[in-house]
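Undergrad: Here you go, one structure.
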Amino acid sequence: GTGGASTVCPAGLKGPALVELKSPAGVRYCMDATEVTFAQYDEFLAAGVDPAKEPEPCVGGPFTYDDLTYPDCLTGLYKVPDAPARCVHWCGARAYCKWAGKRLCGRIGGGPINGKSADLTDPDVSQWFNACSAGGTQDFAYGHTEKAECTASMSAIGTAKTPAGCQSTGPEIFGLSSNAAEWEDACEPGQCLPVARPADSISPSCKGAETHNNKTRFVGFRCCHDGVNL
């Protein structure tokens, strides 16, 4: 992971374009530049991936949006094609990433992380935290100080690339401390309550995390890739 050829992020995969990142220890990997959009997730739904074939802890539940609790995710103001796809369960997010040739962002080097451990805030362990915190050096994706315009956007409507000035300070990655919270391949041990980052009801800090076991209009997701030619 510290050397290798220059081609790290594969091109032509489904969903957002991949951006190359490096952990403090020098391990390279790739992350979607934006959250997966409604249009991109609709393409996955149209492909008819069978939820019954998903491994544990997902046991065949539908990948569709939650249109009962949050009908606006289907027909209302939230369902803008290039806005972050919300009202998607963690299992749907994980399945989408697999279908796209990627994986739900989790442990650097492969696999999930422990959702109730220091892994969540270790830039050499968590792909998501490393990207958001610039290798553990800042509190928010865009710097050291919280920006009100970025915080407010967590429940607002907008495209996956808004608002301006809230993208990461390293490689241009959008929405890590704004827009929707994001599913991570991390679970609390036991019943596997999935972890969303950052905690949408608390703060857009990179250290934020809370568990959900449902589909909510405040949580979206993006995918990662372990890289090629490393």
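Undergrad: Against the conditions (1) in contact with a helix residue (DSSP H, G or I) (Cβ under 6 Å, 6 or more places away or on another chain); (2) modelled with pLDDT of 90 or more; (3) in a loop (DSSP other than H, G, I, E, B), where does Phe174 fall short? Just the number, please.
TA: (1)
Undergrad: For the structure I just gave you, tell me whether Asp124 is over 12 Å from the mean Cα position of the chain (by Cα), assigned to a loop (DSSP other than H, G, I, E, B) and over 19 Å from Ala83 (Cα atoms).
TA: On the way: over 12 Å from the mean Cα position of the chain (by Cα): yes; assigned to a loop (DSSP other than H, G, I, E, B): yes; over 19 Å from Ala83 (Cα atoms): yes.
So Asp124 passes the test.
Undergrad: Only residues that are assigned to a loop (DSSP other than H, G, I, E, B) and touching a Lys or Arg at 6+ places or on another chain (Cβ under 9 Å): list them for the range 16-45, please.
TA: Pro16, Ala33, Thr34, Glu35, Val36
Undergrad: Filter the range 81-114 for residues that are open to solvent by 10 Å² or more (accessible area, probe 1.4 Å), at pLDDT 95 or above and in a strand (DSSP E or B) and give the result.
TA: Answer for the range 81-114, where residues must be open to solvent by 10 Å² or more (accessible area, probe 1.4 Å), at pLDDT 95 or above and in a strand (DSSP E or B): Arg103, Arg107.
Undergrad: I've got another one for you. Mind checking which residues of the range 204-230 are open to solvent by 10 Å² or more (accessible area, probe 1.4 Å) and closer than 19 Å to Asp122 by Cβ?
TA: Of everything in the range 204-230, those that are open to solvent by 10 Å² or more (accessible area, probe 1.4 Å) and closer than 19 Å to Asp122 by Cβ turn out to be Ser205, Lys207, Gly208, Ala209, Glu210, Thr211, Asp226.
Undergrad: Go through the range 120-131 residue by residue and tally those that are touching a residue at least 60 places away in the same chain (Cβ under 8 Å) and open to solvent by 30 Å² or more (accessible area, probe 1.4 Å).
TA: Going residue by residue through the range 120-131, those that are touching a residue at least 60 places away in the same chain (Cβ under 8 Å) are 120-121, 123-124, 126-131.
Filter again for open to solvent by 30 Å² or more (accessible area, probe 1.4 Å), leaving 121, 124.
The total comes to 2.
The values are calculated or read from the model by the stated rules, or taken from the named source; none is laboratory data. This one's a predicted model, so the numbers in the text were calculated from it and none came from an experiment. Counting neighbours? That spans all protein chains shown, and the Cβs are built from the backbone with ideal geometry, glycine included. The accessibility values were calculated without ligands, DNA or RNA, using every heavy atom of the protein model including side chains. Shrake-Rupley method; radii C 1.70, N 1.55, O 1.52, S 1.80 Å.
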